[in-house]
Amino acid sequence: MSDLRKIIHIDMDAFYASVEQRDFPELRGKAIAVGGGEKRGVTTTASYEARKFGVRSAMPGWQAIKLCPELIFVKPRFDVYREVSRQIRSIFFEYTDLVEPMALDEAYLDVTVNKKNMAIATDIAKEIRQKIYDVTQLTASAGVSYNKFLAKMASGVQKPNGLTVIKPHQAAAFIENLAIEKFYGVGKVTASKMQGFGIHKGSDLLKWSKTDLVSLFGKAGHYYYDIARGIDHRTVEPDRPRKSYAVERTLDENLTQLNDIHDYIDGIVDKLYPGLKKSQYFGKTLTLKFRDRHFVTRTRSVSRTYVLESEHEIRALSHQLVNENADLMKDIRLLGLTISNAPEKQEGQAGQMRLPL
Ligand code: TTP
Ligand code: MG
């Protein structure tokens, strides 16, 4: 038994553009760009037909049409992309709960241990690609390897509609020949700086000591040193659904007066409520936490049958909890409020592009 992990990286092909070509058959086989338009705005992505002309993500519309005069601009439909994203994620969860979404169309899966007890990660990747196609009529590319960096690099090798495996004994050769600007985590600026030092591909990066890389690139130097050797210990971090949202404060001096405690609670609600809105987390239970000078910590809760969404109501219930426990409110040195008990199926925010460092 080896203790190597089995990581899969999945990335949909020309995601927004493929969805548009799926839903509007007249766009199939055509060079299309989603977003922007000829006069203004930028391209979010382009169909592979358009990429042949050099049209790319983040390219201004005027430039795209210059490269490809027959280009068709299509307006994005984010609701549809989000729906597809949900569909593919539920396929991932059939295999493992260790799913780390990186974008709507992209995720890492750790299938070392998986719900189907499948021994071969490549077989899982094959099945997932097939299921994605069956359910969405869209293609995805997959990379399989023993860490995130290599799985990510692998998924790009045979795009579109490809599956690439990098086995441990293949990693060194793969990295040695990989162009430095293709390394995940090496941005444009870093790549050109590296090229200035004669680092054009993995084999060049391999010659540099950790000390030198850190002195040139700061903390990121550790990462560059490791990935040149195929080392990446980052774990697959699932988006765990939030269980509660809390704000608490330790007080500078103990509060003895009930109205001071009420004032302080107002301040905590002022913090809590915007936080709930920002994280889009609302629940049915409000909990007051307080600690006295003997370090005895107590909690008192109140629940409603409905989700507490009104700031006014949360504030009123907070004061009510203080009043109901007025006899315990002596020499208070910590106060906190927590909202919990959200209805099921509240979705975790779908992580934005996260940098590896
Ligand atoms: P990507 O996976 O980077 O690109 P892609 O799926 O279009 O093409 P491929 O993976 O085959 O190379 O991004 C996924 C979607 O995110 C993409 O379809 C549109 C959107 N996107 C932007 O809105 N702006 C950008 O700059 C990029 C790169 C992507
Ligand atoms: Mg993609």
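The values are calculated or read from the model by the stated rules, or taken from the named source; none is laboratory data. Please read these numbers as outputs of a predicted model, since none were measured by experiment. Note that we place each Cβ from the backbone using ideal geometry, even for glycine, and neighbour counts take in every protein chain shown. Ligands, DNA and RNA are stripped out before the accessible areas are found, and what is left, the full protein with its side chains, is counted by its heavy atoms. Shrake-Rupley method; radii C 1.70, N 1.55, O 1.52, S 1.80 Å.
Under the condition of being assigned to a loop (DSSP other than H, G, I, E, B), over 19 Å from ASP13 (Cα atoms) and open to solvent by less than 50 Å² (accessible area, probe 1.4 Å), which residue from segment 37-81 is nearest to ligand 1 (Cβ to nearest atom)?
At the first step, the residues of segment 37-81 found to be assigned to a loop (DSSP other than H, G, I, E, B) are 37-41, 43-44, 47, 52-59, 68-71, 75-77.
Right, trim to over 19 Å from ASP13 (Cα atoms) and you get 37-41, 68-70.
The next check asks that each one be open to solvent by less than 50 Å² (accessible area, probe 1.4 Å); those that pass are 37, 41, 68.
Details: GLY37: 15, GLY41: 11, CYS68: 16 Å.
Here the residue is GLY41.
Kindly establish whether ALA142 is under 23 Å from the mean Cα position of the chain (by Cα) and in a helix (DSSP H, G or I). Break it down stepwise before answering.
Working: under 23 Å from the mean Cα position of the chain (by Cα): yes; in a helix (DSSP H, G or I): no.
The answer is no for ALA142.
So which of LYS126, LYS148, LYS115 is open to solvent by less than 60 Å² (accessible area, probe 1.4 Å) and more than 13 Å from ligand 2 (Cβ to nearest atom)? Please lay out each step first, then the result.
On the way: LYS126 fails: open to solvent by less than 60 Å² (accessible area, probe 1.4 Å); LYS115 fails: open to solvent by less than 60 Å² (accessible area, probe 1.4 Å).
Within the list LYS126, LYS148, LYS115, the selection yields LYS148.
Quick check: anything in segment 31-54 among the acidic types (Asp, Glu) and more than 22 Å from GLY162 (Cβ to Cβ)? Don't jump to the end; show me each part of the working.
Of all residues in segment 31-54, those among the acidic types (Asp, Glu) come to 38, 49.
Within this subset, residues satisfying the condition of being more than 22 Å from GLY162 (Cβ to Cβ) are 38.
Yes, the conditions are met somewhere in segment 31-54.
If ALA58 satisfies all but one of (1) within 15 Å of ligand 2 (Cβ to nearest atom); (2) over 29 Å from ASP134 (Cα atoms); (3) more than 26 Å from the chain's Cα centre (by Cα), what's the number of the condition it fails?
Condition (3) is where ALA58 drops out.
Can you name the residue in segment 244-266 that is of a type in the set (Asp, Glu) and without any contact (Cβ under 8 Å) to a residue 60 or more places away in the chain and is also farthest from LEU276 (Cα to Cα) among such residues? Can you show your working first?
We begin by selecting, within segment 244-266, every residue of a type in the set (Asp, Glu); these are 248, 252-253, 260, 263, 266.
Within this subset, residues satisfying the condition of being without any contact (Cβ under 8 Å) to a residue 60 or more places away in the chain are 252-253, 260, 263, 266.
Numbers: ASP252: 26, GLU253: 28, ASP260: 24, ASP263: 20, ASP266: 15 Å.
Looking at the filtered set, the residue picked out is GLU253.
Is it the case, given these coordinates, that VAL34 is over 28 Å from ILE124 (Cα atoms), in contact with a strand residue (DSSP E or B) (Cβ under 7 Å, 6 or more places away or on another chain) and within 8 Å of ligand 1 (Cβ to nearest atom)?
Numbers: over 28 Å from ILE124 (Cα atoms): yes; in contact with a strand residue (DSSP E or B) (Cβ under 7 Å, 6 or more places away or on another chain): yes; within 8 Å of ligand 1 (Cβ to nearest atom): yes.
In short, yes.
Going by what's in this entry, would VAL269 be described as open to solvent by less than 40 Å² (accessible area, probe 1.4 Å) and in a strand (DSSP E or B)? Reasoning before the result, please.
Working: open to solvent by less than 40 Å² (accessible area, probe 1.4 Å): yes; in a strand (DSSP E or B): no.
No; evaluated as a whole, the condition is false for this residue.
Taking the condition of being more than 16 Å from ligand 2 (Cβ to nearest atom) and within 22 Å of the chain's Cα centre (by Cα), how many residues in segment 1-55 meet it?
3
Being modelled with pLDDT under 95, open to solvent by 70 Å² or more (accessible area, probe 1.4 Å), within 15 Å of ligand 2 (Cβ to nearest atom) and not charged (D, E, K, R): is that true of ALA103 here?
Details: modelled with pLDDT under 95: yes; open to solvent by 70 Å² or more (accessible area, probe 1.4 Å): no; within 15 Å of ligand 2 (Cβ to nearest atom): yes; not charged (D, E, K, R): yes.
The answer is no for ALA103.
Have a look at LEU288, LEU308, LEU276 and point out the one that is in contact with a Gly (Cβ under 9 Å, 6 or more places away or on another chain) and in a loop (DSSP other than H, G, I, E, B).
Details: LEU288 fails: in a loop (DSSP other than H, G, I, E, B); LEU276 fails: in a loop (DSSP other than H, G, I, E, B).
Only one candidate qualifies: LEU308.
Across segment 1-30, which residue is surrounded by the fewest Cβ atoms within 10 Å (Cβ to Cβ) among those that are in a loop (DSSP other than H, G, I, E, B) and within 14 Å of ligand 1 (Cβ to nearest atom)? Can you show your working first?
We begin by selecting, within segment 1-30, every residue in a loop (DSSP other than H, G, I, E, B); these are 1-6, 13-14, 24, 28-30.
After this cut, where a residue has to be within 14 Å of ligand 1 (Cβ to nearest atom) as well, the list is 13-14.
Details: ASP13: 18, ALA14: 24.
Ranking the qualifying residues of segment 1-30, first place goes to ASP13.
With respect to MET153, determine if the residue is away from ligand 2 (no atom under 16 Å from the Cβ) and modelled with pLDDT of 95 or more.
Details: away from ligand 2 (no atom under 16 Å from the Cβ): no; modelled with pLDDT of 95 or more: yes.
Taking the combined requirement at face value, the residue does not satisfy it.
Can you pull out every residue in segment 83-99 that is open to solvent by 10 Å² or more (accessible area, probe 1.4 Å) and touching a residue at least 60 places away in the same chain (Cβ under 8 Å)? So that I can check it myself, show each step before the final result.
First pass over segment 83-99, keeping only residues open to solvent by 10 Å² or more (accessible area, probe 1.4 Å): 83, 86-87, 89-90, 93-94, 97-98.
Those that are open to solvent by 10 Å² or more (accessible area, probe 1.4 Å) and touching a residue at least 60 places away in the same chain (Cβ under 8 Å): ASP97, LEU98.
Yes or no: segment 193-215 includes at least one residue that is under 22 Å from MET102 (Cβ atoms) and part of a helix (DSSP H, G or I).
Here is the first cut: in segment 193-215, the ones under 22 Å from MET102 (Cβ atoms) are none.
No, that holds for no residue.
What are the residues in segment 220-253 that are in a loop (DSSP other than H, G, I, E, B) and either touching a Gly at 6+ places or on another chain (Cβ under 8 Å) or open to solvent by 80 Å² or more (accessible area, probe 1.4 Å) (or both), if any? Walk me through how you get there before you give the answer.
Residues of segment 220-253 that are in a loop (DSSP other than H, G, I, E, B), as a first pass: 229-243.
Answer for segment 220-253, where residues must be in a loop (DSSP other than H, G, I, E, B) and either touching a Gly at 6+ places or on another chain (Cβ under 8 Å) or open to solvent by 80 Å² or more (accessible area, probe 1.4 Å) (or both): ARG229, HIS233, GLU237, ASP239, ARG240, PRO241, ARG242, LYS243.
If I ask for residues that are within 14 Å of TYR223 (Cα to Cα) and open to solvent by 70 Å² or more (accessible area, probe 1.4 Å), which ones from segment 154-212 would you list?
If the condition is that a residue be within 14 Å of TYR223 (Cα to Cα) and open to solvent by 70 Å² or more (accessible area, probe 1.4 Å), then LYS210, THR211, ASP212 are the ones that fit.
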